[in-house]
Every structure is written in C-alpha cells, then in structure tokens.
Amino acid sequence: MKLGIVGLPNVGKSTLFNAITKAGAQSANYPFCTIEPNVGIAVVPDRRLDKLAEMYNPKKITPAVVEFVDIAGLVRGASRGEGLGNKFLSHIREVDAIVHVVRCFDDSNIVHVDGKTDPARDVETINLELIIADSEAVNSRLEKTARLVKTGDKSAKTKLGALEKLAETLQNGSPARACALSDDEKESLTDLNLLTDKQVIYVANIGEDADACEPYVNELREAVKDEGASVLTVCAQVEEQIAQLPDDEKEEFMAMLDMEETGLERLISLGYSTLGLISFLTAGEPEVRAWPIKRGTNAAKAAGKIHSDFERGFIRAEIVSYDDLIKCGSIASAKEHGLYRSEGRDYIMADGDVVLFRFNV
C-alpha cells in the first residue's frame, strides 16, 4: 500500500519526505529503507508492540510499515504535459492514497511558483489538473463503452451509466470520489484507476512561527471542508530537525516544544488508517509483530498474511484483545477470566487482536 506525497514546487514536499526517511532510520528493529531515490518505507508507530515486548522479551520486534512515494512537483498545465506533468500523473495512478502538501508559510527566500502563498488557490490548481486528466480518461472510456452497448453487450450498460455519472461529476469540477455510485457501478470501473477517486490527506506545512501561519491553515481548512478530508498541520523543517537527532536528544527537544508525538508519527498513523488498514498482532519469544490487513478481513485471510499454508489449512484463530491481555498480564490469566476465545474462519478481525492461528496442512 502506497501513499503518494504531492504538491506544487517549493511547498516543503521533499523536506517532509526527507524527514520521513531519517525518522524511519532511527527505528532499531525495522529501519527505513530507500527502495528508489523517491520511494521509502516508514514504520507505523504502535506502542502496543513495546508493551508486548516487555511481556514476551522477544528476539525480534517487527512493526507494520507503509510506503511513501515522493512524486514530482506539479505545475499548472500538468494535465497537458507541462513541466513534469506526465510523470506526476502516472506516479499518482500507482499510489493508493494521496498526501497533498500545501504551503502555509511565507518565506522571501523560497520562491512560490505563483507569486505568493495562497493555500486555496494551490489546492485548486492541483485538483483541477487531476480532474481534467480524469475527465479525459472517463470521456474516452465512455465513447468505447457506448459502442459496446450498441452491439448488445449487456455488461456494458452498468458501466455506461457509471461513466455518465462520473463525467457529469468531473464536468462540474468535483473529484470522482464525490460521485455517488452503486457497488455494482464501482465494480465495473475498478480498472479505470482515477486520480481523483483516491482518498486525500492535506498537510498544512507551516513555518516555525505557528501563530503567523494560522490564517493560512484556516484558509486551507475552509477550502477543503466539503471534501471530508483530513487536514494535518506539520512544520516539515522542524520535523526534519527532530528526525536527525539521537533518541535521547529527540525526546528532550520534543519536550521543549511540548510535543507528545511528532507530526510525522501523526501523518504515518493517519495515512495507515486512510488506506483502510488495521493491525492484528502476534506475540511470542521469537517475535512480536504487527500485521497490516484491510479493515473487514476475515480470520482465514488474515492467517494467509502470515503464510499461505495458514489460510489453506485453517482450523481456528485463538484470540484475545490487546487491551484484555494487558489488563490480565498473561494469556493464562486471560483464559481464566474467559477473555481468550476461539474464532472460525469467517470471524472479522479487529484492530489489536492478539492471535494464534491453528492450522493443519
């Protein structure tokens, strides 16, 4: 699962990505690794693993991770190939959700591509380019589908209706995710992979003087309020400084700034939930681990995340919730209190389930 970091040039997008890079490198058990110059894996903060590690003293701790992609900066006209537009759009198609970094600070030493800081205009610039690109894709598919309907292709009728709704939504300047489609209509368009159908997290990148930047942050919130998207305030420059510090100095610096968690930790956690992911946990002396699964995954499918044999030969899932386990202090105590249970293959996994899968192949 990938999160794509997008934004206009000089908004702090790469600074944020670099901060994520260095922050991940400080995780002792799962260091951030750069796959390509613009792709990296970041650890999902999960304090539950530390508690379980105290209980089991494992040889290894493995957190869940998410992948971040630093996508080339966008300029007006990207949908027509201006700047690095074609590269920008193709990379967005490959990610599962978007982190849209918006400049909410003034700095005479950093030129703004459109002259001055204006969060609402900047959001509109990128959204418009994505809408134009999607509109072209939908109209092209609509023409082909209409021809199929004329030949008597019954399956094309549902797709045609969905495409007509999408075309109207995009024509009105709204993203594809705002279009009300039935489950069947959505299923018929899974291969379309529209840019504006992806969930968005807006990151308001502020300067070190948070009060001076507040009007810009409020402007951003107002501009996107109808989207139902999350808006996270982060100072990418400060986050990069924090990420470079040794752990002991990092804690001292954060205490001085009255920060309980970094903006990056909040962003990574929010990105994880935006992707529709939860974690089930496994714990023992060899390893304590968080396993990412899509919300709504059943026990058999979750078992398959560990190994295909677990799913193929699934017998049952022995489960205790993390909170119950911590409250009881041990699996044995959880059993005594009736909090350790067996679930079948169709059980829907919950976030924080501590599980032992029984299987036979």
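Which whole-number percent gives the relative contact order of the chain, counting Cα pairs below 8 Å spaced six or more residues apart?
After rounding, I find 19 percent.
Between GLN241 and GLU54, how high is the FRET efficiency from 1/(1 + (r/R0)^6) when r is the Cβ-Cβ distance and R₀ = 30 Å? Nearest 0.05.
0.50
Starting from the Cα of GLU249, step 7 Å along the direction of its Cβ; do the same at ILE315; then give the gap between the two resulting points in nm.
So the label points at GLU249 and ILE315 sit 5.4 nm apart.
Pulled fully out, how much extra length does the chain show between SER308 and SER108, if you take 0.36 nm times their separation in residues and subtract their Cα-Cα distance?
Going from the current span to full extension adds 66.4 nm.
What's the carbon and sulfur percent of the range 97-234's accessible surface, probe 1.4 angstrom, rounded to a whole number?
The C+S portion of the solvent-accessible surface of the range 97-234 is 45 percent.
How many nm separate the modelled label positions at ASP153 and MET256, each set 7 Å beyond the Cα in the direction of the Cβ?
Result: 6.4 nm between the two label points.
Return a whole-number percent for the relative contact order of the range 125-173, with Cα pairs under 8 Å and 6 or more residues apart as the contact set.
49
Per the 1.4 Å probe, what fraction of the accessible area of the range 252-341, in percent, lies on carbon and sulfur atoms?
Within the range 252-341, the accessible surface is 50 percent carbon and sulfur.
Give me the extension gain from LYS144 to SER333: residue separation times 0.36 nm, minus the current Cα-Cα distance, reported in nm with one decimal.
So the chain would gain 61.7 nm between LYS144 and SER333.
Can you order the peptides 218-226, 148-156, 313-321 by their average number of other Cβ atoms within 10 Å per residue, highest first?
Those peptides, ordered most packed to least, come out 313-321, 218-226, 148-156.
Starting from the Cα-Cα distance between ALA350 and LYS294, subtract it from 0.36 nm times their residue separation and give me the gain in nm to one decimal.
Residue separation times 0.36 nm, minus the Cα-Cα distance, leaves 19.1 nm.
May I ask you to give the solvent-accessible area per residue for the chain, in square angstrom, as obtained with a 1.4 angstrom probe?
Heavy-atom SASA per residue in the chain reads 50 Å².
What is the Cα centroid distance between the range 95-143 and the range 259-311, reported in whole angstrom?
Each part's Cα centre sits 31 Å from the other's.
The values are calculated or read from the model by the stated rules, or taken from the named source; none is laboratory data. Being a predicted model, the structure only gives us computed values, none of them experimental. Here the Cβ is made from the backbone with ideal geometry for all residues, glycine too, and neighbour counts use every protein chain on show. The accessibility values were calculated without ligands, DNA or RNA, using every heavy atom of the protein model including side chains. Shrake-Rupley method; radii C 1.70, N 1.55, O 1.52, S 1.80 Å.
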